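A short write-up of the structure that comes next.
The values are calculated or read from the model by the stated rules, or taken from the named source; none is laboratory data. Just so we're clear, the structure is a prediction, and the values are computed from it rather than from any experiment. Reconstructed Cβ throughout: ideal geometry from the backbone, glycine too, with neighbour counts over all protein chains shown.
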Amino acid sequence: MEKSSKTEAHFAKMQRANTARKQLSDYETRAEALRAQTAKLKALRLARDAAAPPPPPVAKRKGKSKGPAGKLSDWLDGQVKEGRSS
């Protein structure tokens, strides 16, 4: 009886190993297909960009200037006049 269970265990172990090998092979096949598709899309994108380069970015418009900034000492004096202590 022990020999039978050992044989079954060995058979189950071999089945798991074969399944794992097959799954790894499937994974590698899918990964290779993905790399090929990525390379194809990259080549198409580079060809498209070479044929019609994107327009240069539009320069941002400057808004109204806020005017000259006050001095820190003036701001601190204003805070003291309002009754705030630092």
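Go through 78, 83 for me and flag whichever is out of contact with any His (no Cβ under 7 Å at 6 or more places or on another chain), small (Gly, Ala, Ser) and on the phi < 0 side of the Ramachandran plot.
78
Of the residues that make up region 5-12, is at least one at positive phi and either of a type outside the set (Lys, Arg) or surrounded by 10 or more Cβ atoms within 10 Å (Cβ to Cβ) (or both)? So far as region 5-12 goes, no, none of its residues is at positive phi and either of a type outside the set (Lys, Arg) or surrounded by 10 or more Cβ atoms within 10 Å (Cβ to Cβ) (or both). The residue of region 18-49 that is nearest to the chain's Cα centre (by Cα), among those that are of a type in the set (Gly, Ala, Ser) and at pLDDT below 90, is 25. Contact map, region 74-86: residues that are without any contact (Cβ under 8 Å) to a residue 12 or more places away in the chain paired with residues that are surrounded by 10 or more Cβ atoms within 10 Å (Cβ to Cβ) and among the hydrophobic types (A, V, I, L, M, F, W, C), Cβ distance under 8 Å, separation 6+ or inter-chain. Pairs shown: 86/76; 86/80.
For residue 67, are the conditions met, namely being part of a loop (DSSP other than H, G, I, E, B) and either modelled with pLDDT of 90 or more or at positive phi (or both)? Yes, satisfied.
Of all the numbered requirements in (1) outside any helix (DSSP H, G or I); (2) surrounded by 10 or more Cβ atoms within 10 Å (Cβ to Cβ), residue 44 misses one, and that requirement is (1).
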